[in-house]
Amino acid sequence: MNSLFFETRESRIALARQRYFEEGILPTGTVSEAVFQSWTRCHRASLKPHDKIEFQPVSVSRSQLAVQKNRTLHEAWLDEMPALGNALGSAHCSAILTDASGVLIGATPSGHLAKGIIPLAHRIGVNLSEEHVGTSAPGIVIRTGKQASVLGAEHYANAVNTMFCTAAPIRNIQGQLAGILDISSEGAPFKFDPASVVGLYAASIENRLLVAQSEDLLIVKFQFVPAIIETPMVTMLGFDLAGKLVWLNSVASNLLGMSVNPDEREACATE
């Protein structure tokens with residue numbers, strides 16, 4: 001049966017959500033596998049789509065502790081925040097940085113958003129993990145370690161289905177998830193490609209973090225196109241004084257086909 005109700009993406013997702021939660025019909029082809037798996041985890045945790053989301057009050061001491069525990073990552077964020085703010089411009093978006101557990105440790109100014117979810121959710125110390133807010137882009141990155149988007153009705157909780165979010169991982173020299181960069185829009189879809197923007201600036205922050213953690217290492221930079229060596233797309237590798245590869249950034253991982261996790265790659269050394 002034809003109906004205008006099912007002609008928009010939002011309405012199709014709403015129908016898929018209803019059928020999944022009420023009838024157990026899988027939302028195949030309607031949402032990504034990452035979003036569906038998040039819905040499943042939330043459902044198994046007995047979370048309900050209509051539950052109220054509480055963005056708990058955050059004390060000054062808790063906020064300071066969250067930042068202090070991730071000082072090097074936060075400093076890398078501060079170095080990139082002016083450029084990121086300029087890039088977002090008047091797009092009415094908010095960019096945030098969380099630690100590896102989803103606790104917010106940095107946010108671009110959101111003075112243009114006096115009301116709504118963003119002023120409450122994007123405060124230092126607020127936990128945006130799946131356990132606290134249901135399906136979200138940062139929550140999926142925590143679980144998968146991969147870039148993710150959660151758009152509008154794809155959120156598990158009805159209370160936040162006006163949010164449009166895209167997040168990307170930031171890794172440390174151990175190849176572990178160190179933080180998450182997220183760009184969010186409230187009330188309307190993005191008017192640009194958020195995946196490209198968040199990926200670019202997450203790479204910039206990651207590169208700064210890797211350099212800051214490599215005081216006693218030799219850092220090698222290269223690219224097939226020399227003009228992009230001084231950009232976030234540079235390939236970076238860190239070697240110890242014996243010539244053993246200690247870390248490589250995400251760009252190098254993709255270019256060389258090597259895992260950023262040292263436990264998942266063969267030993268490599270220079271001679």
(message) Treating only the Cβ of Lys, Arg, Asp and Glu as charged (+1, +1, -1, -1), what charge dipole size does the chain show about its Cα centre? Round to the nearest 20 debye.
(response) 600
(request) Under a 10 Å cutoff between Cα atoms, tell me which one of THR98, THR235, THR135 has the largest fluctuation in the Gaussian network model of the chain. (result) THR235
(message) Give the aspartates and glutamates reachable from LYS48 as a straight Cα distance under 15 Å; neighbours fewer than 8 places away on the same chain don't count.
(response) GLU22, GLU23, GLU130, GLU131, GLU154
(request) Per DSSP H run of n ≥ 4, the term is -39500 (n - 2.57); total these for the chain, divide by its residue number, and report the mean residue ellipticity at 222 nm rounded to 500 deg cm²/dmol. (result) -10500 deg cm²/dmol
(request) Would you mind getting me the FRET efficiency between SER11 and GLU131? Use the beta-carbon distance for r and R0 = 30 Å, nearest 0.05. (result) 0.55
(request) Using label points projected 7 Å from each Cα along Cα→Cβ, tell me how many nm separate ALA87 and THR72, to one decimal. (result) 2.3
(message) For LYS244, give me every one of the aspartates and glutamates with a C-alpha distance below 19 angstrom, ignoring sequence neighbours fewer than eight places off in its own chain.
(response) GLU215, ASP216, ASP263, GLU264, GLU266, GLU271
(request) Identify, among LEU47, SER32, ALA203, the residue whose Cα sits farthest towards the positive end of the charge dipole of the chain, taking +1 on the Cβ of Lys and Arg and -1 on the Cβ of Asp and Glu, with the dipole about the Cα centre. (result) LEU47
(request) Quick one: pull the percent of accessible area on the chain belonging to carbon and sulfur, 1.4 Å probe, ligands and nucleic acids left out. (result) 55
(request) With springs connecting C-alpha atoms under 10 Å apart, model the chain as a Gaussian network and identify which of PHE224, PHE36, PHE21 has the largest mean-square fluctuation. (result) PHE224
(request) Compute the FRET efficiency between GLN37 and ARG265 as 1/(1 + (r/R0)^6), taking r as their Cβ-Cβ distance and R0 = 22 Å, and round to the nearest 0.05. (result) 0.25
(message) How big is the dipole moment of region 41-122 about its Cα centre under a simple scheme where the beta carbon of each Lys and Arg is +1, that of each Asp and Glu is -1, and everything else is neutral? Debye, nearest 20, please.
(response) 420
(request) Can you tell me the 0 to 90 degree angle between the C-alpha axis of helix 33-44 and the longest principal axis of the chain, rounded to 10? (result) 60
(message) If you count only protein heavy atoms with a 1.4 Å probe, what accessible area per residue comes out for region 8-52, rounded to a whole Å²?
(response) 64
(message) I'd like the orientation of helix 71-88 relative to the chain: the angle between its Cα long axis and the longest Cα principal axis, in ° from 0 to 90, rounded to 10.
(response) 60
(request) Send over a whole-number figure in Å² for the accessible area per residue of region 132-271, probe 1.4 Å. (result) 46
(request) Express in nm, to one decimal, how much length is gained between VAL220 and ASP193 on full extension, taking 0.36 nm for each residue of separation and deducting their alpha carbon distance. (result) 6.6 nm
(request) Answer rounded, prolate or oblate for region 63-136, using the Cα gyration tensor with square roots of eigenvalues a ≥ b ≥ c: rounded when a/c is under 1.5, else prolate when a/b is larger than b/c, else oblate. (result) oblate
(request) Take the chain, connect every pair of alpha-carbon atoms lying under 10 Å apart with a spring to form a Gaussian network, then pick out the residue of ILE228, ILE173, ILE105 with the largest mean-square fluctuation. (result) ILE228
(message) Test of understanding: what is the full-extension gain from LEU241 to LYS115, defined as 0.36 nm times their sequence separation minus their Cα-Cα distance?
(response) 40.0 nm
(message) Taking the 0 to 90 degree range and rounding to the nearest ten, how far is the long axis of helix 194-212 tilted relative to the main principal axis of the chain, both from C-alpha atoms?
(response) 40
(request) Please report the relative contact order for the chain, taking Cα pairs under 8 Å with a sequence separation of at least 6, and give it as a percent rounded to a whole number. (result) 14
(request) Rounded, prolate or oblate: pick one for region 105-183, where a ≥ b ≥ c are the square roots of the eigenvalues of its C-alpha gyration tensor, a/c under 1.5 means rounded, and failing that, prolate if a/b is larger than b/c, else oblate. (result) oblate
(request) Go through GLN18, ALA66, GLY238 and say which Cα lies farthest out towards the positive end of the charge dipole of the chain; charges sit on Cβ, +1 for Lys and Arg, -1 for Asp and Glu. (result) GLN18
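The values are calculated or read from the model by the stated rules, or taken from the named source; none is laboratory data. This structure is a prediction, so every number in the text was calculated from the model and none was measured. Here Cβ is always computed from backbone atoms with ideal geometry, including for glycine, and neighbour counts include all displayed protein chains. Areas reflect the complete protein model, heavy atoms only, side chains present, ligands, DNA and RNA absent. Shrake-Rupley method; radii C 1.70, N 1.55, O 1.52, S 1.80 Å.
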